[in-house]
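> What follows is a single structure, and I will ask about it in a moment.
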Amino acid sequence: MLKKRFLLVILIPFSLLVSAEEYDNLWQPVRVVEKKWKACCLSDVRLTDGSYFKQMQDLHRNYLLSLDPERLLNNVMRAGGIATSATNYGGWQHNNGNGFGNYMSGCSMMYAATGDETLRDRVAWMIDIIERCQREENLGGWFHFSRSKAFYNQLMAAKGENCTPVNNGEDFYNNSDMAGMVFYQLHRIYYGIRDAYYYAHIDKALDVFLKCMEWACTWTDNISSDASMQMALETEHGGMAELFMDAYALSGEEKFLRAGQRWTHTLNFRDRLCRGENVLMSRHANVYDPKFIGLVRGYELTGDERDSLAARNVWDYVVDWHVLPMGGHGRWERYGQPGRQLDELANTSTETCCTNNMLRFTKAMFSLYGDTRYMDFYERALYNHILASKDPNNTSVGGGFCYFQSLLPGMHRQYMDDSSFYCCWETALENHSKYGEAIYFRNDNDLLVNLFIPSKLTCADNGMRITMTGDYPTDQRVTLTFDAVGSFTGKIYFRVPQWMHGDIVVTHNGSQIAANVSQGLLCVEGPWADGDEVALELPLALRCEPSEEPDVASIFFGPVLLCPNMGASTDDYTGNPWQQSTSLAPREFPNIDGSMSDPSQWLTRRSQRQLTFRGGGYLFQPFYKCNHLTTSIYQRFVAADEVQRARVYIPDRIKISGDTGHDYTGSSTTGVIYNRDYLEVAEGQSVSYTMQLSPEGDVQHYLMLQHDGWQTDLVGYYSVYVDDVLIGESGPCERMQQFTFPHAYYNIPQDITQGKSSVRVTLQQGDRPMRYFDIALVTERYVDEMCPESLWQLHQGFPLRLEAEDAQPHGDNRTFDGTSSAGAYVAAPTTYLLYRDLYIPVAGDYQLEICHRGPRMARYAIIVNGEQQTVILPASSDAWSTTQATLHLEAGFNTIRLTPVTTSNLPDIDYVELSRIGDDTAIRGVATSADGVLPRLTVHTLTDGSGVQCNVSGCERGILRLYNANGAECAMLRYPEFDTFATTQLPEGVYVVCLTSYTGQHLASCKISIR
Ligand SMILES: [Zn+2]
């Protein structure tokens, strides 16, 4: 089989292949899902002089040349017995020394982007050294010397049996067999070796890369159980799944695919994403982000729909709920609460590595799905984060790259210095070498212009040569000229960003033609001749993008985030980003006395040749050029009508750092932690404020509090009084994680506020102290229209996307198509965990509807946060019927379980749905097994072809059945006593393995081909 594949490649003349992304032409034909758009090779694109991108690319090329590859590689040379007097660079390079991987990636990409042979020669020299050490010193796949050779020998003997969760099981696991983050460091080296083959075409690198992956394969095969493997995958391990998938695509060898699938984090990641669950909140971002790329590679190479669904869901989560206006996400390297981007403003906002991964992920997603939304994000993050992460004035050894962006209002950017060389320095080596990677895409016939960066495209396969000129977004005109048409006869598409409103003027050789825009793409048809010119006038304009606060927004011109110059920075910090002060207090957003809906009313462009604007008392310029300035990515709008509008949503708020205007009485202290102001009230103490009610008169009000989230149980921490009436007490709260603080909402009965313009709010502390980060009165309109917690709740209950077949009731639709149980409701005769961490913004009565079918009446207990009530499900043998129960839910996080009291003849349960009484909004719950994990089944054929082995998780015992394509049962096993079907007597074909409970309930199924 393998030989046939190689033969196939040789038989296709190279010139007939559509010129496509570097690796596309190097992969074996194992791909299952075809790309909708293929990015043009970096080596086919040349940036042309005049743009900021070209200026930064030139600067970066000189920087790459200024580094000494021998200093980067000296650890490897020493281990390989090769004499060298070179010394390590500092920082991470001194301790870890894996930066040579990213250096090879960066140089290979820069070689592709510029043709600079010096850079290729360097990579070739490095690969020579690595190959020699791998061969002579038997280094296998480890070129990472913060640990000894003995350590690696021990690593290879590991069986993965010592996984124990630590740190309260948050996200790091102390796993001696996995050895912490060793694969995270190795993956950067493997990337570099792979990229030397992809981008610099160094053939020897392929062999070295596959040997590395074989070594990692051996480690993987040694890990005895999938459960251990899944636990190990909680530890930061970078893009190992992607690398195995690439090794499979490059070699055609299925062992790499199997290893890649074992390195795919399913249990606590993909499976939960398929169910639409939030897996990101408060998690370490760069532990998770590289896994996204593994999913999309998995889908591309196998067509596994679970990979596809999880990848699409997680992209939406990140971009819709976590990304800041400048395209980055997280603070202190962690995801925050969905929709609470303003909480992400810190000294440590938006690690650059995370955006590097998101861009790689996004480009792959666009290629497969073709949705221009992906590329709108790509453009945002490229212009506003990646371009902003390099100091154009810095040519030092450290390169002047950012680790985090300090996004505290009034703060300035901070660059790493010559003693740093952290992870973000490593990814920076790539970031500024591949600006050209997503400008042009092609499919079999057509060309897509995705980014408007001045450049030249040369396509070897059809002889087409194109030049794009213009100064977008400074200038709205973009011109595409055919230097040579070659044999190109297709259409030209241009991406039209979502934010672009107004008419696009299109001319073909000077004559205006119709602008046909469909699904985010403008289409221009030929026929084409040499010298033809297509020009666009793009409607670029000022606009505000809202935040979760009604009077706070960021300002854009086209794709570019504009920020005010708040003065030069006097203390450019260039040290260890982790030692930056967490006690640095936030400053106020700049106050803008102008319109939010139309910033052109107060913001005037200074010159058509530059993107600088004056207005609101500030000079605004692109965020990416605020290199040594104090600035703010958000502005507060204080014009009278904006203030009035904001008060409709948030009538009043306490200034946490010290409030003087609300008739404050009581006892409290203030301080700063993690760049947030807090107000601390000691045990037994209280604070009182007079707060203004909505100008709209008698509307429903809530008290919104943001407070400490460290405690697992906040019951009785504080009581809330409004005009001396007790309206609530702190309720149970799931333990949040570091740097994440929950919001709680307290319903203020309308008879307290009726006819009044203000109320007296008192927080009375119980027997423990509490820190408050926000105290505000909000209205029902805020809860309905703006409140991130209530908007998120809709998503938390509803999976973001359920495929049509998954959305069907599970009962009679147990088709064999579709593997496993993603998104489906499973009936299991145990406890159902219906909702965990369900955030309820408003305390009140809710209705739980249960859809069931069974021959006997059954009694169930509904347990809400530990409190139990009973519901009776009447007999209903023929048809599905529904039964309702009323639950009282507290504001805050709620956990709801359903447990049978009856012990036999239990009904099937199809779905459970929660809705607020008097409200149409339903929150459909996912029924799972007792521990919240859907039973899962994976199957694989044994390498000697003798059988099919089944791996089951989330289910202790059951029946495994093997069916042929006609639905006939071929074999049956009792699990866990047996787990392997003998298949030597079976004809070739497609089979289905089903896992059922002993009572016959379907739990999971999987398709497999037997050859
Ligand atoms: Zn980093």
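> If I go through the range 492-513 residue by residue, how many of them are open to solvent by 70 Å² or more (accessible area, probe 1.4 Å), modelled with pLDDT of 95 or more and assigned to a loop (DSSP other than H, G, I, E, B)?
Residues in the range 492-513 being open to solvent by 70 Å² or more (accessible area, probe 1.4 Å), modelled with pLDDT of 95 or more and assigned to a loop (DSSP other than H, G, I, E, B): 1 in total.
> Looking at the range 546-581 only, could you name the residues that are modelled with pLDDT of 95 or more, outside any loop (DSSP other than H, G, I, E, B) and out of contact with any helix residue (DSSP H, G or I) (no Cβ under 6 Å at 6 or more places or on another chain)?
Val552, Ala553, Ser554, Phe556, Phe557, Leu562, Pro564
> Among the residues of the range 628-662, how many are surrounded by fewer than 20 Cβ atoms within 10 Å (Cβ to Cβ) and within 30 Å of the chain's Cα centre (by Cα)?
Of the residues in that region, 2 qualify.
> Looking at the range 974-992, which of its residues are within 40 Å of the chain's Cα centre (by Cα), modelled with pLDDT of 80 or more and either among the hydrophobic types (A, V, I, L, M, F, W, C) or outside any strand (DSSP E or B) (or both)?
Listed by number, the residues that qualify are Phe978, Asp979, Phe981.
> Separate question: Checking the conditions here, which among Asp116, Asp121, Asp68 is farther than 23 Å from Asp44 by Cβ and not hydroxyl-bearing (Ser, Thr, Tyr)?
On inspection, the qualifying residue turns out to be Asp68.
> Quick one: is Ala157 over 20 Å from Gly400 (Cβ atoms) and open to solvent by 20 Å² or more (accessible area, probe 1.4 Å)?
Yes: the conditions hold for Ala157.
> Could you give me the residue pairs with C-beta distances under 6 Å whose first residue belongs to the range 219-237 and is small (Gly, Ala, Ser), whose second residue is open to solvent by 40 Å² or more (accessible area, probe 1.4 Å) wherever it lies, and which are 6+ apart or on separate chains?
Ser224/Lys159
> Quick test of your reading of the structure: Asp530 fulfils all but one of (1) modelled with pLDDT of 95 or more; (2) touching a helix residue (DSSP H, G or I) at 6+ places or on another chain (Cβ under 7 Å). Name the failing condition by number.
(2)
> Among (1) assigned to a loop (DSSP other than H, G, I, E, B); (2) away from the ligand (no atom under 16 Å from the Cβ); (3) within 25 Å of Gly106 (Cβ to Cβ); (4) hydrophobic (A, V, I, L, M, F, W, C), there is one condition Leu457 misses while meeting the rest; what is its number?
In the conditions (1) assigned to a loop (DSSP other than H, G, I, E, B); (2) away from the ligand (no atom under 16 Å from the Cβ); (3) within 25 Å of Gly106 (Cβ to Cβ); (4) hydrophobic (A, V, I, L, M, F, W, C), Leu457 misses (1) alone.
> I would also like to ask the following. How many of the residues making up the range 377-430 are hydrophobic (A, V, I, L, M, F, W, C), modelled with pLDDT under 90 and within 15 Å of the ligand (Cβ to nearest atom)?
Total satisfying the criteria: 2.
> If you don't mind, another one. List the residue pairs whose Cβ atoms are under 8 Å apart, where the first residue sits in the range 268-288 and is farther than 18 Å from His237 by Cα and at pLDDT 90 or above, the second is open to solvent by 10 Å² or more (accessible area, probe 1.4 Å) and more than 16 Å from the ligand (Cβ to nearest atom), and the two are 6 or more positions apart or on different chains.
From the range 268-288, no pairs qualify.
> Would you please list the contacts, defined by Cβ atoms under 6 Å and residues six or more apart or on different chains, that run from a residue in the range 344-360 that is within 12 Å of the ligand (Cβ to nearest atom) to a residue that is of a type in the set (A, V, I, L, M)?
As it stands, the answer is Cys354/Ala285; Thr355/Ala381, since those pairs meet every condition given.
> Looking at the range 140-159, which of its residues are assigned to a loop (DSSP other than H, G, I, E, B) and among the aliphatic types (A, V, I, L, M)?
Ala157, Ala158
> Kindly indicate the residue of the range 67-119 that is free of Cβ contacts under 8 Å to residues at least 40 places away in the same chain and acidic (Asp, Glu) and also nearest to Glu131 (Cα to Cα) among those meeting that condition.
Glu70
> Also, I was wondering about something else. Can you tell me which residues in the range 215-244 are assigned to a loop (DSSP other than H, G, I, E, B), open to solvent by less than 10 Å² (accessible area, probe 1.4 Å) and within 26 Å of Thr427 (Cα to Cα)?
Leu233, Thr235, His237, Gly238, Gly239
> Report, by residue number, each residue of the range 353-376 that is at pLDDT below 95 and either within 16 Å of the chain's Cα centre (by Cα) or among the small types (Gly, Ala, Ser) (or both).
If the condition is that a residue be at pLDDT below 95 and either within 16 Å of the chain's Cα centre (by Cα) or among the small types (Gly, Ala, Ser) (or both), then Gly370, Arg373 are the ones that fit.
> Report the residue count in the range 671-689 for those that are open to solvent by 30 Å² or more (accessible area, probe 1.4 Å), within 19 Å of Ala585 (Cβ to Cβ) and either assigned to a loop (DSSP other than H, G, I, E, B) or without any contact (Cβ under 8 Å) to a residue 24 or more places away in the chain (or both).
Number of matching residues: 1.
> So, in the range 431-448, of the ones that are in a helix (DSSP H, G or I) and not acidic (Asp, Glu), which residue ends up nearest to the ligand (Cβ to nearest atom)?
Asn431
Conditions (1) crowded, with 20+ Cβ neighbours inside 10 Å; (2) of a type in the set (Gly, Ala, Ser), marked per residue:
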{"site": "Arg31", "(1), (2)": "no, no"}
{"site": "Glu34", "(1), (2)": "no, no"}
{"site": "Asp49", "(1), (2)": "no, no"}
{"site": "Ser66", "(1), (2)": "no, yes"}
{"site": "Asn75", "(1), (2)": "yes, no"}
{"site": "Ser85", "(1), (2)": "no, yes"}
{"site": "Asp128", "(1), (2)": "no, no"}
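> Still on this model: Can you tell me which condition Arg283 does not meet? The list is (1) farther than 20 Å from Glu34 by Cα; (2) away from the ligand (no atom under 16 Å from the Cβ); (3) open to solvent by 20 Å² or more (accessible area, probe 1.4 Å), and all the others hold.
(2) is the only condition that Arg283 fails.
> Still on this structure: Would you confirm, using the coordinates I've provided, whether Asp774 is under 27 Å from Ser547 (Cα atoms), free of Cβ contacts under 8 Å to residues at least 60 places away in the same chain and open to solvent by 10 Å² or more (accessible area, probe 1.4 Å)?
Judged against the criteria, Asp774 is not a match.
> Looking only at the range 415-460, count how many residues are open to solvent by 10 Å² or more (accessible area, probe 1.4 Å) and farther than 27 Å from Gly192 by Cα.
Count: 5.
> Among the hydrophobic types (A, V, I, L, M, F, W, C), more than 25 Å from Phe361 (Cα to Cα), open to solvent by less than 40 Å² (accessible area, probe 1.4 Å) and more than 16 Å from the ligand (Cβ to nearest atom) - does that describe any residue in the range 468-477?
Taking every residue of the range 468-477 in turn, at least one turns out to be among the hydrophobic types (A, V, I, L, M, F, W, C), more than 25 Å from Phe361 (Cα to Cα), open to solvent by less than 40 Å² (accessible area, probe 1.4 Å) and more than 16 Å from the ligand (Cβ to nearest atom).
The values are calculated or read from the model by the stated rules, or taken from the named source; none is laboratory data. What you are looking at is a predicted structure, and each value in this text was computed from that prediction instead of being measured. When we count neighbours, we look across all protein chains shown, and the Cβ atoms used for this are built from the backbone with ideal geometry, even at glycine. Heads up: the accessible areas ignore ligands, DNA and RNA and are worked out on the full protein's heavy atoms, side chains in. Shrake-Rupley method; radii C 1.70, N 1.55, O 1.52, S 1.80 Å.
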